[in-house]
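Some notes on the structure that comes next.
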Amino acid sequence: MSGGSLGIRSGSYGSLDKQGQNGVLPIQAASATRTKAYSKMLKEKETLIHWICKFAGRKKVGMLLLCVISAAVFVWVVYFGEDQENDNSSKVNDNLALNNPLINVVQSIRIDNWTSLSVSVKETKVGVMHPPPPSYFLGYTLPPGHPCNTFTLPPPPADKKRTGPRPCPVCYLPVEEAVALMPKVPSFSPIIKILTYIFEENLNRETEFGGSDFGGYPTLKQRNDSYDIRESMNMHCGFVKGRKPGRGTGFDIDDSDLLEMEQCNGVVVASAIFGAFDIIQQPRNISEYSKQTVCFYMFVDEETEADLRGKYENKKIGVWRIVLVRDLPYTDGRRNGKIPKLLLHRLFPNARYSLWIDGKLELVADPYQILERFLWRKNATLAISRHYKRFDVFIEAEANKAAGKYDNASIDHQVEFYKREGLTPYSEAKHPITSDVPEGCVIIREHIPISNLFTCLWFNEVDRFTSRDQISFSTVRDKIAAKTNWTVNMFLDCERRNFVIQKYHKDVLALLAQRAPPVIYPPPRPVPAPPPPPYMANYSQRKVPPRRRRDRKSGSRHHRKVSKEIV
């Protein structure tokens, strides 16, 4: 087809009025009232089309128009469709926030090494990549009128004889509500975002003082650097001899147990018994959901495992999974117990929350209720109860010396070292800090970099000085608080006694059994007498007359005495 014919066809588009009147094309005629400007625009379009068609064939023009239309549609989808999707997603997020007013969260990013939360990155028109803002759990408040909002502690009992520590009521949420309030994203970790740990094959034991093969003998300079909190830190935190905690490090665990521990990615409840020192206490009031989702682990040494042998199968006693630990790094059983107590984030690298309880305690509340009450509702990442009686480190140190808890010279050395660093007696000037002495038998925490750093530093103090962790607690807490706005939630000791019951150690139970008075059994029931023989039947039924008393004579002494007085 020639270019001239194309020009004629293109010219026919301008004569639609005439063709419509002749009935050639069933197309509605253009309005006669069009403005001159519009007519001029049409003429310009016709001129442009005529110019394009003059240099291209019909097929090429059709392909050109098709490409132009496709490009226009593509641009529309890329720019306007993306904005519409963002608008829809924001509306969905707003609806979710409205439907769940108790939880105030935003979108997520990578926090520490326990989880990677997906993020979307949008490319702007200038080619700059802008990630979305970071997102953390920001806490929540219970609805107005909720019973826990108006809950207050009752006055102490008036009985003056009960002066010792005792439990007090705590307002828990039902397990279902506590589970629903479990944060979907981690809490904010101030300053520090990445925390890694030192591994050394050849240990340098030439240090100023203190340390161990398990702890790695950090120098005083390394200790001071570990309190200089930065965004990324590499520090001593136990297990320094092996590339993986629990394997060739001291405190060694079977590979099957390590695999199970790595698969615990939610809540872990842990305890330990070394030296067969305690009796395993089974938790009570645990929901079925917690039994299925919470990891219960009890660490034992070979002596305790031998004492328990035959009492369990498939490595379980009740809800507890028994984990045998070999090659304990310390000769002091209390110091060995500080490894799982303070370094659970290293033994359970994928767990989000942990609840540590000493081996002598019996758990009597659901773990989700405890986490909701002392962590999530308080927007805290570590919670521990304060001592019921002592608030000052210096008084606590003297009490430990008086009770023979540790060598007195070592306790004095540790306290003097802290004094040179600025430790002062506790006073009301430290408020809102309520105490410098914790009751460390229960630790509730979230595994994020800042709380992991705290427990690593706390363990290093226990490894360097004495095993009495109450003495070093406030020093580590205050040094971290001086660099960040992070602190520990210290709740009442009576609240701790509400969800754990303290039992006696095994040796104390044996001593009480020895001192107990002998059990006095009731006397045997008397054996009934046999019936009399037949020849005695009538004799036994015969009544014996009462013995007649001899009448006194009238001349008795009394009578003579009275008559004498009358005379």
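Just so you know, all these numbers are worked out from the coordinates, no wet-lab data involved. Note that the structure is predicted; figures quoted are calculated from it, not measured. Glycine gets a Cβ as well: all are built from the backbone with ideal geometry, and neighbour counts include every protein chain shown.
Work through the residues other than Arg284 whose Cβ is under 14 Å from its Cβ and net out their charges, Lys, Arg +1 and Asp, Glu -1.
Here the count lands on -1.
Provide, in order from the shortest bin, the percent of all Cα-Cα pairs of the stretch 394-445 in each 5 Å bin, continuing until the bin that contains the maximum pair distance.
So the P(r) values, bin by bin, are 4, 17, 20, 23, 20, 13, 2.
Residues with amide H under 5 Å of Ala365's amide H, sequence separation 5 or more or different chain, H placed in the peptide plane at 1.01 Å from N; which?
Arg284
Structure shown: which of Lys378/Lys405; Lys244/Lys315; Lys316/Lys401; Lys184/Lys503; Lys193/Lys360 lie over 28 Å apart, alpha-carbon to alpha-carbon?
Values: Lys378/Lys405 34 Å; Lys244/Lys315 23 Å; Lys316/Lys401 39 Å; Lys184/Lys503 36 Å; Lys193/Lys360 35 Å.
Flagged as over cut-off: Lys378/Lys405; Lys316/Lys401; Lys184/Lys503; Lys193/Lys360.
Using the Cβ atoms and a cut-off under 13 Å, what net charge is assigned to the surroundings of Tyr227, where Lys and Arg are +1 and Asp and Glu are -1?
Values: positive: Lys221, Arg223, Arg230, Arg477, Lys479, Lys483; negative: Asp225, Asp228, Glu421, Glu461, Asp478.
Cβ neighbours under 13 Å give a net charge of +1.
Below 14 angstrom from the Cβ of Lys503, what's the summed charge of the other residues (Lys, Arg +1; Asp, Glu -1)? Don't skip to the end; give the middle numbers.
Working: positive: Arg284, Lys360, Arg497, Lys506; negative: Asp278, Asp358, Glu362, Asp507.
Result for the neighbourhood of Lys503: 0.
For the stretch 181-283, what size does the Cα cloud have along each of its three principal axes, sorted from largest down, in whole Å?
44, 38, 25
Restricting to DSSP loop positions (anything but H, G, I, E, B) with no more than 16 other Cβ atoms inside 10 Å of their own Cβ, which chymotrypsin sites (Phe, Trp or Tyr not before Pro) remain in the stretch 282-334?
Counting only loop positions with at most 16 other Cβ atoms within 10 Å, the chymotrypsin sites (Phe, Trp or Tyr not before Pro) in the stretch 282-334 are Tyr312.
To the nearest 20 debye, what is the magnitude of the charge dipole of the stretch 146-218 about its Cα centre, counting +1 on the Cβ of each Lys and Arg and -1 on the Cβ of each Asp and Glu? The partial results should precede the final answer.
Details: 7 positive and 8 negative charges, 138 e Å.
The dipole of the stretch 146-218 has a size of about 660 debye.
What's the ranking of 142-154, 165-177, 463-475 by average number of surrounding C-beta atoms within 10 Å, highest first? Walk me through the numbers before you get to the answer.
Details: 142-154: 9.7, 165-177: 15.5, 463-475: 22.5.
Highest-to-lowest ranking by the protection proxy: 463-475, 165-177, 142-154.
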